[in-house]
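> Below are the structure tokens for one structure; questions will follow.
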Amino acid sequence: MKSSRLKSFNYAVGMFGTSIPINLLKTFAAAFYVKDLGLITAAQWASVLFIYTFIDAIDNPVYGYLSDRTRTKWGRRKPWLVIGTPLLVLGLIAFYSPAPFLSGKSALAWVMLFYIFTGTLDSVINANYAALFPELFPDDISRAKTNALRQAFQLVAMIISIALTPIVAEQLGFSLTAILYGILGGAVILYMSLTSKEKPIEDHEAKPKLWESIKTLVTNWKFWVAGFANAFYSATMSLVMAALPFYSDYKLGISSLQQTILFATVLLIAIGSVAVWAFFVRKYSLIPVWRAALITLTLTFIPLYFANSFITAIICSALVGFGFAGVITTMDLVHAKIMDEDRLKHDVRREGIIANALGFMNRLNGLFTSLAFLLITQFFGFVSGDQPGPHPDQASLFLLTVFPFVLSAISVVFAFILKFPKEVLQSTIAEPEVIEK
């Protein structure tokens, strides 16, 4: 029992490490370059997100394919995690340390280069981390317990990298903040990588073939349904986190401390709610609870739209945190079922390809978030912090509530389409007898 708890801890704590760098990157990038520094416009930021999304579409399947075919004495995933982590840290630091001479096209080039570089390293690390999950924890009970623990770690990381960042960055600046967060997150990722032991690959076990794997995924309608559900949900929360600094300044007019409290409310409620949603999964079953969580999240944007003070924003944000906890508690378990079904059907281990492909679908959120930033320029005249237009409060409200409500509602529709046969929902994936092909 003790070794089982340690195994869960060693793996779950990795979510703390992977979350800190990417949350700092995704949450404050737009506010840092568009609102604070004014080095690029909202429309230019939208172009960065748009281009990054298509680059991610190319690199994700390749990363997964290479990971699944990797054969070393350290395993398939560990080399990618150990090599990719320091590169991720360097990219994060460079992104938040713009050269003083940057302006115009050079500023846009800097932002695009290091946002894409850091984002693609995050893809490498998270896909290999996600691929370990169904392999290390083959049954639903261990998965539910471990996933609840790692989501709690993710939420703690979000408190640090999102809620506390306004105060930390105000005192230290974003460059030093990126250094501290990068080192902290990187150290935890490396700890997870070195303590989580993969199941060995037998010499006779077939390596996944790229085109065969891609063909299998492309023709698997459940992959597309789950992927789009995740993409629209991910776009919802990415936009919420990116919009909160704008909402805090332009709609509420609150201080950095109050902004931290607002962020922390969402995350602390989410931490407390993870155990509740995990209990629902054990009591009722995965898919109905997943759907209920998405519906809950969607409905919370309605009262948030009408919040017009710091207190009402706190109350409504708590509701968002509850719905958010439900989705993060269940979404990865749904993805694991996609991997289970593929392994049962095709008798080959390709968690890396599937995880990367789902990661790409997740990163389709860049298309939707870029559209949202483009629309605030068109609808409200918001260009940058120097040119906020006549209604920056309405622009921030659109980013935080209106567009996320639409995206989350679309995710709900996809969730109701997805179904699994009983043998997959009830399966425990044992070590397979692999036939060489």
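The values are calculated or read from the model by the stated rules, or taken from the named source; none is laboratory data. Nothing here was measured: the structure is a model prediction, and the numbers come from that model. Quick reminder, even Gly has a Cβ in these numbers, built from the backbone with ideal geometry, and neighbours come from all protein chains shown.
Results for (1) modelled with pLDDT of 85 or more; (2) surrounded by 19 or more Cβ atoms within 10 Å (Cβ to Cβ); (3) under 30 Å from residue 142 (Cβ atoms), shown as yes or no for each residue.
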residue	(1), (2), (3)
247	yes, yes, no
256	no, no, no
273	yes, yes, yes
278	yes, yes, yes
282	no, no, yes
290	yes, yes, yes
296	yes, yes, yes
314	yes, no, no
324	yes, yes, yes
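One line per residue, one yes/no per condition, for (1) aromatic (Phe, Trp, Tyr); (2) under 18 Å from residue 24 (Cα atoms); (3) touching a Phe, Trp or Tyr at 6+ places or on another chain (Cβ under 7 Å); (4) free of Cβ contacts under 8 Å to residues at least 12 places away in the same chain:
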position: 101; (1), (2), (3), (4): yes, no, no, yes
position: 113; (1), (2), (3), (4): no, yes, no, yes
position: 116; (1), (2), (3), (4): no, yes, yes, no
position: 130; (1), (2), (3), (4): no, no, no, no
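> Just for helices (runs of 4 or more DSSP H) wholly inside segment 1-82: which have at least 2 residues that are closer than 19 Å to residue 383 by Cα?
14-30, 42-69
> Here's another thing I want to ask about it. All but one of (1) of a type in the set (A, V, I, L, M); (2) without any contact (Cβ under 8 Å) to a residue 60 or more places away in the chain; (3) under 30 Å from residue 92 (Cα atoms) hold for residue 178; which doesn't?
Only one criterion is unmet by residue 178, namely (2).
> In segment 278-393, which helices (runs of 4 or more DSSP H) lie fully inside it and hold 1 or more residues that are in contact with a Lys or Arg (Cβ under 8 Å, 6 or more places away or on another chain)?
Hits in segment 278-393: 286-306, 310-346, 351-362.
> Also, I was wondering about something else. Could you pull out the residue among 67, 8, 3 that is at pLDDT below 90, farther than 28 Å from residue 160 by Cα and crowded, with 16+ Cβ neighbours inside 10 Å?
67
> Within 22 Å of residue 399 (Cβ to Cβ), at pLDDT below 90 and surrounded by 18 or more Cβ atoms within 10 Å (Cβ to Cβ): is that true of residue 263 in this structure?
Answer is yes for this residue.
> Now for a different question. Kindly indicate whether residue 57 is within 20 Å of residue 131 (Cβ to Cβ) and touching a Lys or Arg at 6+ places or on another chain (Cβ under 6 Å).
no
> With the condition kept exactly as written, say whether any residue in segment 3-24 is among the β-branched types (Val, Ile, Thr), over 19 Å from residue 241 (Cβ atoms), touching a helix residue (DSSP H, G or I) at 6+ places or on another chain (Cβ under 7 Å) and without any contact (Cβ under 8 Å) to a residue 40 or more places away in the chain.
No - not one qualifying residue is present in segment 3-24.
Here is a yes/no grid of residues against (1) at pLDDT below 85; (2) surrounded by fewer than 24 Cβ atoms within 10 Å (Cβ to Cβ); (3) more than 21 Å from residue 9 (Cβ to Cβ):
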{"position": "128", "(1), (2), (3)": "no, no, no"}
{"position": "135", "(1), (2), (3)": "yes, yes, no"}
{"position": "145", "(1), (2), (3)": "yes, yes, no"}
{"position": "162", "(1), (2), (3)": "yes, no, yes"}
{"position": "176", "(1), (2), (3)": "no, yes, yes"}
{"position": "181", "(1), (2), (3)": "no, no, yes"}
{"position": "186", "(1), (2), (3)": "no, yes, no"}
{"position": "189", "(1), (2), (3)": "no, no, no"}
{"position": "193", "(1), (2), (3)": "no, no, no"}
